[in-house]
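What follows is a single structure, written as structure tokens, with notes after it.
The values are calculated or read from the model by the stated rules, or taken from the named source; none is laboratory data. All values reported here derive from a predicted model rather than from experimental measurement. Cβ placement follows ideal geometry from the backbone for every residue including glycine, while neighbour counts extend to all protein chains displayed. Ligands, DNA and RNA are stripped out before the accessible areas are found, and what is left, the full protein with its side chains, is counted by its heavy atoms. Shrake-Rupley method; radii C 1.70, N 1.55, O 1.52, S 1.80 Å.
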Amino acid sequence: MSAAGTSAHANTPAHTPRNPHASAHGYAHAKTYSLDEVVRLSGLDPQTLRWYEDQGLIEDAEEDPYGERAYSPVHLRWLEFLNHLRSTGMSPADMNHYVELYRAGDSTIATRRELLESHRQLLRSQSRNFDSTLRYLDWKIDFYLGREAALAGAAASAVSAASAASAASAASAASVPARATEA
């Protein structure tokens, strides 16, 4: 589902795909999105979006006729792809490397695939470690639940024993005849 790999303009000299419907003046004739719309649709905050642009991971947005940043659907696809990479812990350096490879064109497809396969293998390894840690935490939680139940049972037994002892003491006191007083 690589957003990068689906563009019909993958081999353009631009740094990253641009809106194919942009005029020579840079004004997009196709659907564009404002900064607020991109923030809402992508889940990114404006600072992170700017960071992506500053890092060169996505092309800076064009300005619309009113001087506002206008993002294309291609920007949204790149942001989706980059967010997936970022959420898996891919380093900014590796993300930049991928984008550079993409910009170099089709001759780097095998290298891009290998980079993604390597990252996938790392994630699978981390997933196994994560699963192992979850199993250990489950065991430890079950251990504490068992200890809590045992302690609650012991406390209930102690209260029950104390109540029984108190009741026995009261019964014993009631069966002792009262001393006669001397007159």
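Among the residues of region 78-94, the ones that are within 21 Å of V38 (Cβ to Cβ), surrounded by fewer than 19 Cβ atoms within 10 Å (Cβ to Cβ) and more than 17 Å from the chain's Cα centre (by Cα) come to 0 in all. Open to solvent by less than 60 Å² (accessible area, probe 1.4 Å), part of a helix (DSSP H, G or I) and of a type in the set (S, T, Y) - does that describe any residue in region 134-151? Scanning region 134-151 turns up no residue that is open to solvent by less than 60 Å² (accessible area, probe 1.4 Å), part of a helix (DSSP H, G or I) and of a type in the set (S, T, Y). Tell me yes or no: at least one residue of region 106-121 is on the phi < 0 side of the Ramachandran plot and not in a helix (DSSP H, G or I). No, region 106-121 contains no residue that is on the phi < 0 side of the Ramachandran plot and not in a helix (DSSP H, G or I).
Can you find a residue that is of a type outside the set (G, A, S) and either on the phi > 0 side of the Ramachandran plot or at pLDDT 90 or above (or both) anywhere in region 65-72?
Residues of region 65-72 of a type outside the set (G, A, S): 65-66, 68-69, 71.
Within this subset, residues satisfying the condition of being either on the phi > 0 side of the Ramachandran plot or at pLDDT 90 or above (or both) are 71.
Taking every residue of region 65-72 in turn, at least one turns out to be of a type outside the set (G, A, S) and either on the phi > 0 side of the Ramachandran plot or at pLDDT 90 or above (or both).
Restricting attention to region 46-77, which residues are part of a loop (DSSP other than H, G, I, E, B) and more than 24 Å from Y102 (Cα to Cα)? Passing the criteria: D64, P65, Y66, G67, E68.
Scan region 31-45 and tell me whether some residue there is open to solvent by less than 20 Å² (accessible area, probe 1.4 Å), part of a loop (DSSP other than H, G, I, E, B) and of a type in the set (S, T, Y).
The answer is no; no qualifying residue exists.
Of the residues making up region 55-69, those that are open to solvent by 10 Å² or more (accessible area, probe 1.4 Å) and touching a helix residue (DSSP H, G or I) at 6+ places or on another chain (Cβ under 9 Å) are Q55, G56, E59, D60, A61, E68, R69.
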